[in-house]
Amino acid sequence: MNLELSEEQTAVRQLARDFVEREIAPNVVAWDRAEEVDRAIVKKLGEVGFLGLTIDEEYGGSGGDHLAYCLVTEELGRGDSSVRGIVSVSLGLVAKTIAAWGDEEQKRRWLPGLTSGEYVGCFGLTEPGTGSDAGNLSTRAVRDGDHYVINGTKMFITNGTWADVVLLFARSTDAPGHKGVSAFLVPTGTPGLTRRTVHGKLGLRGQATAELVLEDVRVPASAMLAPEGKGFSVAMSALAKGRMSVAAGCVGIAQAALDAAVRYAGEREQFGKTIAHHQLVQELISDIALDVDAARLLTWRVADLIDRGQPFTVESSKAKLFASEAAVRAANNALQVFGGYGYIDEYPAGKLLRDARVMTLYEGTSQIQKLVIGRALTGVSAF
Ligand code: CAA
């Protein structure tokens with residue numbers, strides 16, 4: 001694996017850094033307090049091509065490889081995880097999955113809008129009673145002539161309130177467990193689909209997280225993505241790549257924690273010198289730096305494997321597991337460097353910690369990643 005970035009990768013990272021400084025950094029605190037990111041950010045993300053990374057240009061994408069995608073995701077995560085999540089879900093879990101599994105008509109119907117930022121996508125897997133045991137979901141899709149009628153509830157859906165299309169997973173046959181699950185592309189304007197923003201989150205407050213309720217939602221049979229009964233494979237393949245994107249976002253959080261801690265340690269004086277002189281502060285900063293490097297290397301390895309067409313699912317779980325736990329540690333250590341100022345939202349550490357905390361929960365908890373890794377090593381499944 002070559003760790004030197006190509007000219008194109010360096011340029012896209014710089015583009016993302018400039019974007020963060022211009023469009024995100026000045027607004028982060030206000031969006032967090034208002035519990036809403038300015039929706040205009042979606043169009044702007046589309047205009048610079050960040051919502052089309054890795055997608056073919058013939059479908060409106062901006063091309064690029066998975067390392068470029070990670071670099072952009074990291075920079076956005078450094079700026080604001082609520083914005084990073086828009087890309088990870090609308091592009092990472094929805095557009096990339098349509099590109100991988102969709103027929104020509106589905107690709108032409110959805111990809112140009114998703115990559116330009118005209119549409120937002122969301123991923124409807126989790127339900128109020130079904131989180132880690134995703135294959136056991138209970139939303140039902142019943143065939144009625146050349147339509148399906150869908151009933152059920154989806155919970156904690158990132159982008160849910162804003163989304164124009166939901167990649168929805170529902171049970172459409174009587175086959176047991178995950179084998180009865182199919183995937184559907186459901187326009188959110190379809191009658192019978194209602195949504196409610198989830199408020200009171202610890203972090204990611206700017207993000208439009210929602211509960212979706214489907215009551216007799218009718219979609220044509222052509223809305224099914226991939227063959228009937230293959231929905232769980234669609235979800236798992238989406239999450240395998242999605243976990244890399246979450247990991248990259250976590251590298252961004254940890255990097256932001258490092259930058260803030262180093263800056264503050266060089267300014268704040270105690271005992272007659274800046275706190276950077278104190279060895280225990282240097283230890284906190286050194287621990288953050290190590291977490292940043294290790295998380296980044298694990299994440300880049302996944303991108304490299306994907307781009308070379310190699311298996312990557314277990315490596316993606318490793319990267320997501322380590323990077324999410326590292327982001328929490330890094331933000332917590334940065335907060336310690338800031339002392340009491342770290343506890344108020346005029347300084348960045350508290351928000352970084354609140355935003356980091358969910359990374360060990362969504363797109364598969366840390367415990368699920370450990371079981372995926374353990375299964376690969378032992379050949380024995382805990383599920
Ligand atoms: N690509 C294609 N197919 C795949 C696949 C992949 N990467 N991984 C698995 N599959 C297929 C398998 O081949 C198998 O198919 P068949 O039955 O046809 O052979 C099927 O999927 C089941 O595979 P497993 O046996 O590995 O599945 P399992 O039931 O053992 O999985 C589990 C258990 C790993 C715990 C899984 O349920 C899981 O990942 N749970 C966590 C759920 C999760 O991550 N939820 C996140 C919600 S989405 C979210 O958070 C988004 C957001 O808003 C930010």
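Residue-by-condition table, conditions (1) within 14 Å of the ligand (Cβ to nearest atom); (2) assigned to a loop (DSSP other than H, G, I, E, B); (3) over 21 Å from the mean Cα position of the chain (by Cα); (4) at pLDDT 95 or above:
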residue: Pro191; (1), (2), (3), (4): no, yes, yes, yes
residue: Leu202; (1), (2), (3), (4): no, yes, no, yes
residue: Val217; (1), (2), (3), (4): no, no, yes, yes
residue: Ser245; (1), (2), (3), (4): yes, no, no, yes
residue: Gln255; (1), (2), (3), (4): no, no, no, yes
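Looking at the range 197-206, is at least one residue surrounded by 22 or more Cβ atoms within 10 Å (Cβ to Cβ) and in contact (Cβ under 8 Å) with a residue 24 or more places away in the chain? Yes, some residue in the range 197-206 is surrounded by 22 or more Cβ atoms within 10 Å (Cβ to Cβ) and in contact (Cβ under 8 Å) with a residue 24 or more places away in the chain. For the range 279-292, the criterion of a residue being within 20 Å of the chain's Cα centre (by Cα), not in a strand (DSSP E or B) and not charged (D, E, K, R) is satisfied by at least one position.
In summary, helices (runs of 4 or more DSSP H) completely within the range 52-132 and bearing 1 or more residues that are within 13 Å of the ligand (Cβ to nearest atom) occur at 66-79, 81-87, 96-101.
One residue stands out in the range 120-162 among those that are of a type in the set (Lys, Arg) and within 17 Å of Ala223 (Cα to Cα): the one that is nearest to the chain's Cα centre (by Cα), namely Arg140. Of the strands (runs of 3 or more DSSP E) lying entirely inside the range 137-178, those containing at least 2 residues that are in contact with an Asp or Glu (Cβ under 6 Å, 6 or more places away or on another chain) are 147-157. Among the residues of this structure, Gly374 does not count as one that is part of a helix (DSSP H, G or I), without any contact (Cβ under 8 Å) to a residue 24 or more places away in the chain, more than 16 Å from the ligand (Cβ to nearest atom) and not assigned by the TED database to the domain that holds Ala25. For the range 165-207, filtering for residues that are touching a helix residue (DSSP H, G or I) at 6+ places or on another chain (Cβ under 7 Å) and closer than 25 Å to Pro112 by Cα leaves 9. Among all residues of the range 87-103, there is at least one that is of a type in the set (A, V, I, L, M), over 20 Å from Ser366 (Cα atoms) and surrounded by fewer than 19 Cβ atoms within 10 Å (Cβ to Cβ).
If you filter the range 334-356 down to residues that are of a type outside the set (Asp, Glu) and part of a loop (DSSP other than H, G, I, E, B), you find that the one that is surrounded by the fewest Cβ atoms within 10 Å (Cβ to Cβ) is Ile344.
Tell me, yes or no, whether the range 173-184 has at least one residue that is free of Cβ contacts under 8 Å to residues at least 12 places away in the same chain and more than 13 Å from the ligand (Cβ to nearest atom). Looking for residues that are free of Cβ contacts under 8 Å to residues at least 12 places away in the same chain and more than 13 Å from the ligand (Cβ to nearest atom), one finds at least one in the range 173-184, hence yes.
Filter the range 227-243 down to the residues that are over 17 Å from the mean Cα position of the chain (by Cα) and within 10 Å of the ligand (Cβ to nearest atom) and list them by number. If the condition is that a residue be over 17 Å from the mean Cα position of the chain (by Cα) and within 10 Å of the ligand (Cβ to nearest atom), then Gly229, Lys230, Gly231, Phe232, Ser233 are the ones that fit. The single condition among (1) in contact with a Leu (Cβ under 9 Å, 6 or more places away or on another chain); (2) within 16 Å of the ligand (Cβ to nearest atom); (3) of a type in the set (Val, Ile, Thr) that Val292 does not meet is (2). Considering Arg296, Arg268, Arg243, the condition of being surrounded by fewer than 18 Cβ atoms within 10 Å (Cβ to Cβ) and basic (Lys, Arg) is satisfied by Arg268 alone. Take Ile368 and tell me if it is part of a helix (DSSP H, G or I), near the ligand (Cβ under 9 Å from one of its atoms) and in the same structural domain as Gly266 (by the TED database). Yes. Going by the structure shown, is Ser316 in contact with a Cys (Cβ under 7 Å, 6 or more places away or on another chain) and of a type in the set (S, T, N, Q)? Answer is no for this residue.
The values are calculated or read from the model by the stated rules, or taken from the named source; none is laboratory data. Keep in mind the model is a prediction, meaning the values are calculated, not measured. FYI the Cβ positions are ideal-geometry reconstructions off the backbone, even for glycines, and counts take in every protein chain you see.
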